[in-house]
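Undergrad: The structure that follows is given in the form of structure tokens.
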Amino acid sequence: MLPEHLILLRDLVLKKLEYSLTDSQLQQFSLYADLLMDWNQKINLTSIVEPREIVVKHFLDSLTLLPWINGDKVADIGTGAGFPGIPLKIVYPDKNFVLIDSLAKRLDFLNVVIQKIDLNKIETIHSRAEDFGRNNQYRSSFDTVVSRAVAKLPVLLEYSIPLLRVGGVFLAAKGSQGDEEVAESGNALSLLGAEIKDICKLNLGEGADNRAIIIIEKIKPTPSIYPRKPGTPAKKPL
């Protein structure tokens, strides 16, 4: 029998996102939660440590991006403890995922998760976002880039848009400050070759933050000067 917090996840995903998780996927989420709580005692991965909160504030929150995942190649910039990349990968086992983070200890954790819950077609990359965006192996190659709780939107755009092919989509998961960040992003969008297609606002229910999904399409190639050298986008946003 499923533990109570996994029943909650199954029911919330069905109710809020109209998606049915399989028993196998729920078992993967269960093991992921166990590993997260265990490793969090050794390294600081998250301040959210109760199973119910992990389900709502990490798993369900990550899965809000499901409807807009586009194409086969997905990058998660600043993945941290694997959000939103690992939950999305569980639901999309056949897509290729790359998880990028600047802290090696987090990637050590994610590599254990990937092995223990038996994920394939996924890799972790230890890199600053700016360096990753200038790597010709990855630049302009992704169909979708996702990011959650990493930086303000003008900074995130400089990290993410260079990674997308023209026609690819960047999904920025934001909270109640989403409209304000959109208003600050006009110059960055213009310089990087992107435009906002839609903003979807969600309420995930009791105990969860309001969520705004900002859906951004790359409409032309990004000039080669972007992203700028590490640290510059955060210090001097476009």
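The values are calculated or read from the model by the stated rules, or taken from the named source; none is laboratory data. These numbers come from a predicted model, not from an experiment. All Cβ positions, glycine included, derive from the backbone under ideal geometry; neighbour counts span all protein chains shown. We work out accessible area using only protein heavy atoms, side chains counted, and drop any ligands, DNA or RNA first. Shrake-Rupley method; radii C 1.70, N 1.55, O 1.52, S 1.80 Å.
Undergrad: Could you go through segment 11-18 and let me know if any residue there is open to solvent by 70 Å² or more (accessible area, probe 1.4 Å), outside any helix (DSSP H, G or I) and modelled with pLDDT of 90 or more.
TA: Taking segment 11-18 first, the residues open to solvent by 70 Å² or more (accessible area, probe 1.4 Å) are 11, 14-16, 18.
After this cut, where a residue has to be outside any helix (DSSP H, G or I) as well, the list is 18.
Subsequent filtering for residues that are modelled with pLDDT of 90 or more retains 18.
Yes, that holds for at least one residue.
Undergrad: Is there any pair linking a residue in segment 101-121 that is on the phi > 0 side of the Ramachandran plot and of a type in the set (V, I, T) to one that is at pLDDT 95 or above and open to solvent by 80 Å² or more (accessible area, probe 1.4 Å), with Cβ under 8 Å and at least six apart or on different chains, and which?
TA: As it stands, the answer is none, since no pair meets every condition given.
Undergrad: Please go through segment 200-219 and give me each residue that is modelled with pLDDT under 90, part of a strand (DSSP E or B) and open to solvent by less than 50 Å² (accessible area, probe 1.4 Å), ordered by number.
TA: Answer for segment 200-219, where residues must be modelled with pLDDT under 90, part of a strand (DSSP E or B) and open to solvent by less than 50 Å² (accessible area, probe 1.4 Å): L202, R211, A212.
Undergrad: Just checking, does segment 29-40 include any residue being polar (S, T, N, Q), in a loop (DSSP other than H, G, I, E, B), more than 30 Å from S141 (Cβ to Cβ) and out of contact with any Phe, Trp or Tyr (no Cβ under 7 Å at 6 or more places or on another chain)?
TA: yes
Undergrad: Where residues in segment 171-199 are assigned to a strand (DSSP E or B) and free of Cβ contacts under 8 Å to residues at least 60 places away in the same chain, which of them is most open to solvent (accessible area, probe 1.4 Å)?
TA: Here the residue is K197.
Undergrad: Would you check if T64 is at negative phi, within 11 Å of the chain's Cα centre (by Cα) and at pLDDT below 95?
TA: yes
Undergrad: Grab the helices (runs of 4 or more DSSP H) fully contained in segment 64-140, keeping just those with 2 or more residues being closer than 19 Å to L31 by Cβ.
TA: Details: elements: 85-91, 104-116, 129-133.
Where helices (runs of 4 or more DSSP H) fall fully within segment 64-140 and carry at least 2 residues being closer than 19 Å to L31 by Cβ, they are 85-91, 104-116.
Undergrad: Which members of segment 149-162 meet the condition of being surrounded by fewer than 24 Cβ atoms within 10 Å (Cβ to Cβ) and either within 14 Å of the chain's Cα centre (by Cα) or not in a helix (DSSP H, G or I) (or both)?
TA: Of everything in segment 149-162, those that are surrounded by fewer than 24 Cβ atoms within 10 Å (Cβ to Cβ) and either within 14 Å of the chain's Cα centre (by Cα) or not in a helix (DSSP H, G or I) (or both) turn out to be A149, V150, A151, K152.
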